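Novice: First the structure, then my questions, so here it is.
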Amino acid sequence: MNKKYAPNKISWQIPIAITCMFLGIILTMQFKMQAKEAFPMSSNRNDMIKLIHELEQQRKKLEADLEEKNKALENFEQSTGSKEDLLKAMQGQVEKVKTEAGYTNVHGPGIIVELADSPKRPSPKDDPFFFIIHDVDIATLVNELWASGAEAISINSQRIVVNTSIRCVGPTVLVNSVRLASPYRIMAIGPSRELEGALRTPGGFIDYMAPSVNQGVTVNIKRSDDIKIPGFSGSMILRYAKTAEDKK
């Protein structure tokens, strides 16, 4: 006697697991960038109060984003549409999260910051530190751009993502395990006026770089209506971080 089998049904576990994975990546990136912003360049009390208010607003936004994504996931689970419609919706959600995580090419308005070492040689009485661009200079710039509303940043075409490190290796800077040398071209997509204004505000990046500029280091800022930033092409494998169950 031949047995009858029910038609194949789409497995929910695989697409949901993929979505949760990318949700975890983007939330980790957002929280890490938020943590980076917690080191202001000024210890002024008013600046600290302003920073606390900004972080509170960012926390509320992250909570709202998480709630929105959870609702979207619930809608997928409760959907009664066809297999094709469901797969298309899942693929669209995955692509959206990949974009937010930095894995896709993006473009939009923003600013371009060019940094270059000084062409001069320091004299015996000069401090050679202020004649070249250091990893701390680039990291400070990137943090200010994130805090000012940047949505995507690259350094010499290297996309900045959650696990990007910026550190000196001899006379060069290592970004995403790629060795970069002066000049450095930092591109940021976001509200161009606000991004430039934040860098030029008193106590901002321009003031921070003033001692180096006095020794010949170059810092140029310009706006652009359409900046193209490539997606992250490296590896992001989580070996220790696991998805935590929501225990309410």
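The values are calculated or read from the model by the stated rules, or taken from the named source; none is laboratory data. This is a predicted model, so every value here is computed, not measured. Glycine also receives a Cβ, built like all others from the backbone with ideal geometry; neighbour counts cover every protein chain displayed. Just so you know, the surface numbers come from the protein's heavy atoms only, side chains and all, with ligands and any DNA or RNA stripped out. Shrake-Rupley method; radii C 1.70, N 1.55, O 1.52, S 1.80 Å.
Novice: Would you please list the contacts, defined by Cβ atoms under 8 Å and residues six or more apart or on different chains, that run from a residue in region 114-141 that is without any contact (Cβ under 8 Å) to a residue 60 or more places away in the chain to a residue that is open to solvent by 30 Å² or more (accessible area, probe 1.4 Å) and part of a loop (DSSP other than H, G, I, E, B)?
Specialist: These pairs meet every condition: Pro128/Pro122.
Novice: Does Ile237 fit the bill of being open to solvent by 30 Å² or more (accessible area, probe 1.4 Å) and either free of Cβ contacts under 8 Å to residues at least 12 places away in the same chain or closer than 23 Å to Asn105 by Cα (or both)?
Specialist: So Ile237 passes the test.
Novice: Mind checking which residues of region 162-181 are among the polar types (S, T, N, Q) and either open to solvent by 30 Å² or more (accessible area, probe 1.4 Å) or over 24 Å from Pro191 (Cα atoms) (or both)?
Specialist: Result: Asn163, Ser165, Thr172, Asn176, Ser177.
Novice: Now, a different point. Does Thr218 satisfy being open to solvent by 40 Å² or more (accessible area, probe 1.4 Å) and either touching a residue at least 24 places away in the same chain (Cβ under 8 Å) or among the β-branched types (Val, Ile, Thr) (or both)?
Specialist: yes
Novice: Also: With the requirement that a residue be farther than 11 Å from Ile186 by Cβ, surrounded by fewer than 16 Cβ atoms within 10 Å (Cβ to Cβ) and of a type in the set (D, E, K, R), what does region 108-161 give you?
Specialist: Lys120, Arg121, Lys125, Asp126, Asp127 - these are the residues of region 108-161 that are farther than 11 Å from Ile186 by Cβ, surrounded by fewer than 16 Cβ atoms within 10 Å (Cβ to Cβ) and of a type in the set (D, E, K, R).
Novice: Enumerate the helices (runs of 4 or more DSSP H) found wholly within region 146-242, keeping only those where 1 or more residues are under 24 Å from Lys61 (Cα atoms).
Specialist: Output list reads 192-200.
Novice: Among the residues of region 95-107, write down those that are open to solvent by less than 50 Å² (accessible area, probe 1.4 Å) and either touching a helix residue (DSSP H, G or I) at 6+ places or on another chain (Cβ under 6 Å) or without any contact (Cβ under 8 Å) to a residue 12 or more places away in the chain (or both).
Specialist: Matches in region 95-107: Val97, Ala101, Thr104.
Novice: Which condition from (1) over 24 Å from Lys98 (Cβ atoms); (2) open to solvent by 40 Å² or more (accessible area, probe 1.4 Å); (3) in contact with a Gly (Cβ under 8 Å, 6 or more places away or on another chain) is the one that Thr243 breaks?
Specialist: Condition (1) is where Thr243 drops out.
Novice: For region 171-199, enumerate the residues that are in contact with an Asp or Glu (Cβ under 6 Å, 6 or more places away or on another chain) and at positive phi.
Specialist: Gly190, the sole residue that qualifies.
Novice: Take the residues in region 209-241 that are modelled with pLDDT of 80 or more and of a type in the set (Lys, Arg); name whichever of them is nearest to Asp126 (Cα to Cα).
Specialist: Lys222
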